[in-house]
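I have placed the structure first, in the form of structure tokens, so that the comments after it can refer back to it.
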Amino acid sequence: MIRAARALPLLLVLPALLTACGTEKARSGPEPAASGSRPAASASGQAAAGSSQESASAAPGQAEMGERLRALGIAPELVYVTEAPGFTLAQQSIGVNGDDGFSVAYWAKNGAILHLYAERGSAADCPRDHVCRAPAKGQVVRLYGEKVAPDVLRRAADALHRPTPGELVPLLPSPRTATAPVQRGDLPPNGDGAPDNSVPGSS
């Protein structure tokens, strides 16, 4: 009887110890999940940062294209390009059409030439031998072909689109660089003499 009485307290304490151990394991369980969720948030942050960096890197292309076009006297909003099977854009043909319009030509190996003219106006007065499109209000694009079949001309007119920087910037000349004003010498205090361009201290 005495031995049974001594063993009884141990039996009562054992479930409590097992419960405490189970509680400790339960508490330590969620921690890996919580720490594991941090990389996901970091990855999403990196993705957002990457998309913003891509947008920022794309912006200079549009700005550079506009700068180069304005240096040529061309309004960037009047620039359109097209696509036609067998035709290649001729870089030397890029120029101004009218006041601030755009013109470009495409050539083919068989000697055919496709001309594109974009300007301010309406497609209502389209010349008989041209195909015209009005891509925006107050704008008209005319296409004219030399040795170009009428169906090819129409397909080229349907393929008109605004160029991406990747399409046009490599074909445009470098933007004009600003030059510093010419430094003139001091004008003489009296009379209308020539500027004094002598180096100070030299005699």
**Prompt:** (1) over 21 Å from Ser93 (Cα atoms); (2) open to solvent by 70 Å² or more (accessible area, probe 1.4 Å); (3) under 29 Å from the mean Cα position of the chain (by Cα): which one isn't true of Arg120, the others all being true?
**Reply:** (1)
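Quick one: would you say Glu146 is under 15 Å from Phe87 (Cβ atoms) and at pLDDT below 95? Walk me through it before giving the result.
Values: under 15 Å from Phe87 (Cβ atoms): yes; at pLDDT below 95: no.
Judged against the criteria, Glu146 is not a match.
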**Complete:** Out of (1) surrounded by 12 or more Cβ atoms within 10 Å (Cβ to Cβ); (2) modelled with pLDDT of 95 or more, the one Lys109 does not meet is (1)
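The values are calculated or read from the model by the stated rules, or taken from the named source; none is laboratory data. Quick caveat, the model's predicted, so the values are computed rather than measured. Positions of Cβ are backbone-derived with ideal geometry, glycine not excepted, and every protein chain shown enters the neighbour counts. For accessibility, only protein heavy atoms count, side chains too; no ligands or nucleic acids. Shrake-Rupley method; radii C 1.70, N 1.55, O 1.52, S 1.80 Å.
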